[in-house]
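Beneath this line is the structure, given in structure tokens, with notes to follow.
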Amino acid sequence: MPCSQYRYENDELMCESLSLSALAKQFGTPLYVYSKSAILDAFNVYQTILRDTPHMVCYALKANANLAIIELLAQAGAGFDIVSGGELARVLAAGGNPQKVIYSGVGKTAKEIAFALEHDIHCFNVESIPELDRIQEVAAGMGKVAPISVRINPNVDAKTHPYISTGLKNNKFGVAYDDCVALYQKARTLPNIKITGIDCHIGSQITQASPYLDAADKILDLVEKLQAEGIELEHIDFGGGIGVRYEESDTPIDMQHLILALKDKLHARGFGHLTMVFEPGRSIIANSGCLLMQTQYIKQTEVKNFLITDASMAEMARPALYEAWMPIYETTKHADRPSQIYEVVGPVCESSDWLGKERPLAVEVGDYLAMMVAGAYGMSMASNYNARPRPAEIMIDNETAHVIRERETIESLWSNEHLLLKR
Ligand code: LLP
């Protein structure tokens, strides 16, 4: 199991003190369930390792932006990494502190920049010269000074799925390494820009420490060059991307080891006073969540047994998009039943609508399944494809299940649409 909050008790899979089968019955499926204490535990791993260093842990909202999750992390002291005006609005609606918000992303619009400046965010992670120019222009128009950090592209291979690798030359992200000093020099001359940091995010679901350490060396080389130019920084942002264990064979990074190694590098070059910033999404929220679904049909064909559930790529896109392997368990174990090998699929009309391949499961129609490690990039990437209302989300706090998002109604799916003919 991904974390101590999930375990079998008398053959029933539990989240904290509650049975997942009972929750599925009570709230219906598909259903996202999160453990509150698992979220806090994961956040506190960062906080504990970094406790005696100036630091800021900015949860990357894109992994899961439910207001209650933002609220919980804000209360625990988190900052937030956002990539849109919508995500900033979510932070504000959940009571998060905008002064702990860093704004990443290659396509910030003038409207979004103005919104962020209005709320005095911590900094913009600038990804190009035209973006720097735009931030200067918007800030000047508002009579404000915009704090910026430059997202460098270190050209380091994060050794992860190509769709979630971001720190290579051919990715759209960050400023080409060799252009960074010139960008800082330009930024220094702009009256409405204040340079505060440097940043880098090389990819997601990274399971080796070496790409981080290589990227850190490159960042620190730049920090030295900038210092020689008289440009002093306040923080270094190492990005997010720490991977989790989906398959037994995945070997997640030893966080203590990695963060202390980064800290040592800072100290070795005389930059121990700089604030260390991280932008983790998956490593904070993935393990806390599961997606519950119900077996609808068992369809045996000449070549395969399909287990058709009421969850699909619309609720969990990771297998369809990245061929991601997600763990799937029975919520009730039946030791007396024979298991069969299934392809677990959903009802959506696409052959890419699968959730798991070659899974040994002992199930009958009506039984519930739990896809584990589903807290990150599950609900946040859910769609209404095939006119499917998005699932409810509940947060478990020991014996209490809080509904943190109602299941969408069918009618809400067309609430913003207009007919051509009046009826
Ligand atoms: N900071 C920036 C600038 C990012 O682009 C991302 C993720 C993060 C932080 C957080 O990364 P994390 O700690 O969660 O790995 N949908 C994909 C993952 C896309 C990640 C995009 N950027 C998936 O389901 O695997």
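The values are calculated or read from the model by the stated rules, or taken from the named source; none is laboratory data. Note that the structure is a prediction, hence the values are computed from the model and not measured. Backbone-built Cβ (ideal geometry, glycine too); neighbour counts: all protein chains shown.
Return only the number of the condition from (1) in contact (Cβ under 8 Å) with a residue 60 or more places away in the chain; (2) touching a helix residue (DSSP H, G or I) at 6+ places or on another chain (Cβ under 8 Å) that R90 does not satisfy.
In the conditions (1) in contact (Cβ under 8 Å) with a residue 60 or more places away in the chain; (2) touching a helix residue (DSSP H, G or I) at 6+ places or on another chain (Cβ under 8 Å), R90 misses (1) alone.
Being of a type in the set (A, V, I, L, M, F, W, C), more than 18 Å from P154 (Cβ to Cβ) and touching a residue at least 12 places away in the same chain (Cβ under 8 Å) is the requirement here; does V244 meet it?
Working: of a type in the set (A, V, I, L, M, F, W, C): yes; more than 18 Å from P154 (Cβ to Cβ): yes; touching a residue at least 12 places away in the same chain (Cβ under 8 Å): yes.
Spelling it out, V244 is indeed of a type in the set (A, V, I, L, M, F, W, C), more than 18 Å from P154 (Cβ to Cβ) and touching a residue at least 12 places away in the same chain (Cβ under 8 Å).
Need a quick list: helices (runs of 4 or more DSSP H) entirely within region 188-287 having at least 2 residues that are more than 17 Å from the chain's Cα centre (by Cα). Break it down into steps so the answer makes sense when it comes.
On the way: elements: 210-228, 255-268, 282-285.
Of the helices (runs of 4 or more DSSP H) lying wholly inside region 188-287, those with at least 2 residues that are more than 17 Å from the chain's Cα centre (by Cα) span 210-228, 255-268.
Does H402 count as more than 16 Å from the ligand (Cβ to nearest atom), more than 22 Å from M14 (Cα to Cα) and surrounded by fewer than 15 Cβ atoms within 10 Å (Cβ to Cβ)?
Numbers: more than 16 Å from the ligand (Cβ to nearest atom): yes; more than 22 Å from M14 (Cα to Cα): no; surrounded by fewer than 15 Cβ atoms within 10 Å (Cβ to Cβ): yes.
Here the answer is no, as H402 does not meet what is asked.
Residues being of a type in the set (G, A, S) and closer than 21 Å to H122 by Cβ: count how many of those fall in region 233-256. It would help to see each step written out before you state the result.
Step one: of region 233-256, the residues of a type in the set (G, A, S) are 239-241, 243, 249.
Pick out the ones that are also closer than 21 Å to H122 by Cβ and you get 239-241.
Qualifying residue count, region 233-256: 3.
State which residue is nearest to the chain's Cα centre (by Cα) when the search covers only region 405-422 and only residues that are of a type outside the set (A, V, I, L, M, F, W, C) and surrounded by 12 or more Cβ atoms within 10 Å (Cβ to Cβ).
So in region 405-422, the residues of a type outside the set (A, V, I, L, M, F, W, C) come out as 405-409, 411-412, 415-418, 422.
When the remaining residues are screened for being surrounded by 12 or more Cβ atoms within 10 Å (Cβ to Cβ), the result is 405-408, 412.
Details: R405: 18, E406: 21, R407: 22, E408: 22, S412: 26 Å.
The extreme case among them is R405.
For region 291-298, does any single residue satisfy the condition of being within 16 Å of the ligand (Cβ to nearest atom), outside the structural domain of I193 (by TED's automatic domain parsing) and not acidic (D, E)? Can you show your working first?
Pass one, region 291-298, residues within 16 Å of the ligand (Cβ to nearest atom): 291.
Next cut, outside the structural domain of I193 (by TED's automatic domain parsing) only: 291.
Of the ones still in play, those that are also not acidic (D, E) are 291.
Yes, because at least one residue in region 291-298 is within 16 Å of the ligand (Cβ to nearest atom), outside the structural domain of I193 (by TED's automatic domain parsing) and not acidic (D, E).
May I ask you to list the residues in region 47-76 that are away from the ligand (no atom under 16 Å from the Cβ) and closer than 13 Å to V277 by Cα?
So in region 47-76, the residues away from the ligand (no atom under 16 Å from the Cβ) come out as 48, 51-54, 67-68, 71-72, 74-76.
Correct list: R51, T53, P54.
Taking T275 and the conditions (1) more than 14 Å from the ligand (Cβ to nearest atom); (2) under 22 Å from N66 (Cα atoms), which numbered condition does it fall short on, given that it satisfies the others?
Exception for T275: condition (2).
Any residue at all in region 321-332 that's among the small types (G, A, S), in a loop (DSSP other than H, G, I, E, B) and within 16 Å of the ligand (Cβ to nearest atom)? If you could, list the steps in order and put the result at the bottom.
Going residue by residue through region 321-332, those that are among the small types (G, A, S) are 324.
Those still in the list that are in a loop (DSSP other than H, G, I, E, B) too: 324.
With within 16 Å of the ligand (Cβ to nearest atom) added as a condition, the list becomes 324.
Checking region 321-332: at least one residue is among the small types (G, A, S), in a loop (DSSP other than H, G, I, E, B) and within 16 Å of the ligand (Cβ to nearest atom).
For a quick check of your reading of the model, give me the residue pairs whose first member lies in region 109-136 and is farther than 25 Å from N171 by Cβ, whose second is basic (K, R), with beta-carbon atoms closer than 9 Å and at least 6 apart or on different chains.
Close Cβ pairs satisfying both conditions: L117/K144; E118/K144; D120/K144.
In this structure, is Y46 under 15 Å from V91 (Cβ atoms), crowded, with 18+ Cβ neighbours inside 10 Å, hydroxyl-bearing (S, T, Y) and not assigned by TED's automatic domain parsing to the domain that holds Y368? Walk me through how you get there before you give the answer.
Working: under 15 Å from V91 (Cβ atoms): no; crowded, with 18+ Cβ neighbours inside 10 Å: yes; hydroxyl-bearing (S, T, Y): yes; not assigned by TED's automatic domain parsing to the domain that holds Y368: yes.
So Y46 fails the test.
Taking the criterion of being within 16 Å of the ligand (Cβ to nearest atom) and closer than 29 Å to R282 by Cα, would at least one residue in region 179-196 satisfy it?
Applying the first criterion (within 16 Å of the ligand (Cβ to nearest atom)) to region 179-196 yields none.
For region 179-196, residues within 16 Å of the ligand (Cβ to nearest atom) and closer than 29 Å to R282 by Cα: absent.
Which of the numbered conditions does D336 fail, given that it passes all the others? Conditions: (1) within 21 Å of R245 (Cα to Cα); (2) outside any strand (DSSP E or B).
Single failed check for D336: (1).
Taking into account only those residues within region 69-99 that are closer than 18 Å to G289 by Cβ, within 15 Å of the chain's Cα centre (by Cα) and of a type in the set (A, V, I, L, M), which is surrounded by the most Cβ atoms within 10 Å (Cβ to Cβ)?
If we take residues in region 69-99 being closer than 18 Å to G289 by Cβ, within 15 Å of the chain's Cα centre (by Cα) and of a type in the set (A, V, I, L, M), then I69 is surrounded by the most Cβ atoms within 10 Å (Cβ to Cβ).
State which residue is farthest from the chain's Cα centre (by Cα) when the search covers only region 345-362 and only residues that are surrounded by 15 or more Cβ atoms within 10 Å (Cβ to Cβ) and assigned to a strand (DSSP E or B).
The initial filter retains those residues of region 345-362 that are surrounded by 15 or more Cβ atoms within 10 Å (Cβ to Cβ), namely 345-348, 353-356, 359, 361-362.
Still in the running and assigned to a strand (DSSP E or B): 345, 354-356, 359, 361.
On the way: V345: 24, W354: 22, L355: 19, G356: 21, R359: 26, L361: 29 Å.
The qualifying residue farthest from the chain's Cα centre (by Cα) is L361.
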